[in-house]
Amino acid sequence: MSGDGTRCVRGGEPGTHEIGDPVHRGPVLTSTYHLGRPEDAGDGSDFYARAGNPTWREFEAAVGELDGGPCTVFPSGMAAIAAVLRAFGTPERGVLLPADGYYVARALADEELRPLGVPVAYCATAGDWELAIVRHRPALVLLETPSNPGLEVCDIAAVVTAAHKVGAVVAVDNTTATPLGQRPLDLGADLVVASDTKALGGHGDLLLGHVSAADPLHAERIRGFRTRGGAIAGPMETWLALRGLGTLDLRLARQADNARALALALRETGGVHDVRWPGLPDDPAHTLAARQMRRWNGVLRFTLADVHAVSEFLSRTTLVDSATSFGGLRTAADRRARWGDAVPDGLVRLSCGIEDTDDLVADVLGAVRAAV
Ligand SMILES: *Cc1c(COP(=O)(O)O)cnc(C)c1O
């Protein structure tokens, strides 16, 4: 297999091209396509853009190659998760979700699925999934590893073994890791879901998501769901994300360098508690994460005394935006308790951008020291 940089730049390209073909094809903006003779049945060509678009296929080919299975693009990470929950969560057996994962996935399950009679159960990311699977016998298990915002990790291959014993489908939210950081389908998972709004798109200027499947029949089901449900990605956003994907390898490398340097510096800083980044050799999640992940990323967390300390920190930094979302070019800090996550008041999720490491460390340490 080629290296990550090569795969990001060349991914999904057709092997051959004609003289005069554009090297960069750009977004295809059309709702409708030429149909040809009215007496002919459809031959699988594009006919209407809710069902198919060439820019989607370019993105899906590139990301599907990285994930290791056919990919379906969605207009957001939540649209991708909604498709998986609705397509695979049955009223007979229900869904098992991470208790400490992305909060809107929980809200979707509780507010939209439960009223339809779909049982909804939870397990902590670092908890006992085997026990929860035996107890609830779900139709669908959704994992999120590393989890957002806790950066806890679970053993994908072990959960898959337990889930497949009861006939459950396993989906892994791979947003934090990115397709370069982790390949859940290789570890036995049936589906990968992700928010490409984060590091994959990478520039903080679009929302997008995708589902990749190990089984082509599962991919068909997801595609049918997209066409009928009508939640489809705009070709412009899809093309921008494809453009962003070209530099994912470079961005991830700098973000991980910044996260490592900041994690090491922050845990030597008074008033900063519970610094977590799975790439640190003595992080509680490190051994498992190192076994199942291919590389690290730029998301870490730490805890200051309280909301006032976080507020002081943010008022003194010049390189850290107070903003939610992660994986972008600019370093951003998000106090997760403001969104209702069950975390300490002073817990900060820090998404490292691609600024120079020395600049970022000096700015963050200066602001934290002055704040605590
Ligand atoms: C952001 C996020 C989502 C939701 O993605 P959107 O693109 O915002 O809809 C889902 N899962 C995780 C882990 C996320 O961080």
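Exposure proxy ranking for Ser311, Ser212, based on other Cβ atoms within 10 angstrom of each Cβ and starting from the fewest, stands as Ser311, Ser212. Considering only Leu347, Leu264, Phe326, and ranking their Cα positions along the charge dipole of the stretch 249-371 that arises from unit charges at the beta-carbon of Lys, Arg, Asp and Glu, the one farthest toward the positive end is Phe326. Put simply, the amide H of Glu152, placed in the peptide plane, has neighbours under 5 Å in Ser147, leaving out anything fewer than 5 places away on its chain. Taking the chain as a Gaussian network of alpha-carbon nodes connected by springs under 10 Å, the highest mean-square fluctuation of the residues Leu206, Leu140, Leu300 belongs to Leu206. Looking at the stretch 249-371, the DSSP beta bridges with both ends there are about 85 percent antiparallel.
Dipole magnitude for the chain: about 440 debye, using +1 per Lys or Arg Cβ and -1 per Asp or Glu Cβ, origin at the Cα centre.
With contacts taken as Cα pairs under 8 Å and at least 6 residues apart, the stretch 215-365 reaches a relative contact order of 23 percent.
Applying both filters, DSSP loop and at most 16 other Cβ atoms within 10 Å, to the trypsin sites (Lys or Arg not before Pro) of the stretch 1-75 gives Arg25, Arg50.
Quick check on the chain: of the DSSP beta bridges with both residues there, what percent are antiparallel, nearest 5%? The antiparallel proportion sits near 55 percent. Computed about the Cα centre, the dipole magnitude for the stretch 249-371 is approximately 380 debye when only Lys and Arg (+1) and Asp and Glu (-1) carry charge, each at its Cβ. Would the stretch 104-155 count as rounded, prolate or oblate if I go by the C-alpha gyration tensor, calling it rounded below 1.5 in a/c and otherwise prolate when a/b exceeds b/c, oblate otherwise? Here the stretch 104-155 falls in the oblate category. Within the chain, what's the longest run with no GluC sites (Glu not before Pro) in a DSSP loop and at most 12 other beta-carbon atoms within 10 Å? Give the range, please. With a cap of 12 other Cβ atoms within 10 Å, the longest stretch comes to 93-267. Taking a span of 24 Å or more along the helix axis (Cα atoms) and a mean Kyte-Doolittle hydropathy of at least -0.5 as the rule, the DSSP H helices of the chain that qualify are 248-266. Couplings 3J(HN,Hα) for the stretch 7-15, derived from phi with the Karplus relation 6.51 cos²θ - 1.76 cosθ + 1.60 (θ = phi - 60°), are 5, 5, 6, 9, x, x, 6, x, x Hz, where x marks Gly and Pro. Summing charges over all other residues whose Cβ lies under 12 Å from the Cβ of Leu217, with Lys and Arg as +1 and Asp and Glu as -1, gives -1. The stretch 167-213 and the stretch 295-343 have Cα centres spaced 22 Å apart.
What residue among Ala157, Ala79, Ala233 shows peak mean-square fluctuation when the chain is described by a Gaussian network model with Cα springs under 10 Å? Residue with maximal mean-square fluctuation among Ala157, Ala79, Ala233: Ala157. Normalised by the number of residues in the chain, the average gap of Cα pairs under 8 Å and 6 or more apart makes the relative contact order 17 percent. Ranked for footprinting exposure by Cβ neighbours inside 10 Å, fewest first, Ser315, Ser322, Ser31, Ser147 give Ser31, Ser315, Ser322, Ser147. The amide H of His210, built 1.01 Å from its N in the peptide plane, has Phe74, Ala194, Asp196 as neighbours under 5 Å, considering only residues 5 or more places off or on other chains. Each of Leu143, Pro119, Ala253 was placed along the dipole of the chain (beta-carbon charges, centred on the mean Cα), and the one lying farthest toward the positive end is Pro119. Its Cα centre serving as origin, the stretch 147-200 has a Cβ charge dipole (Lys and Arg +1, Asp and Glu -1) of approximately 40 debye.
Computed from backbone phi, the HN-Hα couplings of the stretch 339-347 come to 8, x, 4, 7, 9, x, 3, x, 6 Hz, rounded to whole numbers (Karplus: 6.51 cos²θ - 1.76 cosθ + 1.60, θ = phi - 60°; Gly and Pro given as x). A straight line joining the Cα centroids of the stretch 228-280 and the stretch 104-162 runs 23 Å. In a fully extended conformation the segment linking Asp215 and Asp282 would gain 20.4 nm over its present Cα-Cα distance, using 0.36 nm per residue.
FYI, it's all coordinate maths here, none of it is from the lab. Since the model is a prediction, treat every value here as computed from it, not as a measurement. Here the Cβ is made from the backbone with ideal geometry for all residues, glycine too, and neighbour counts use every protein chain on show.
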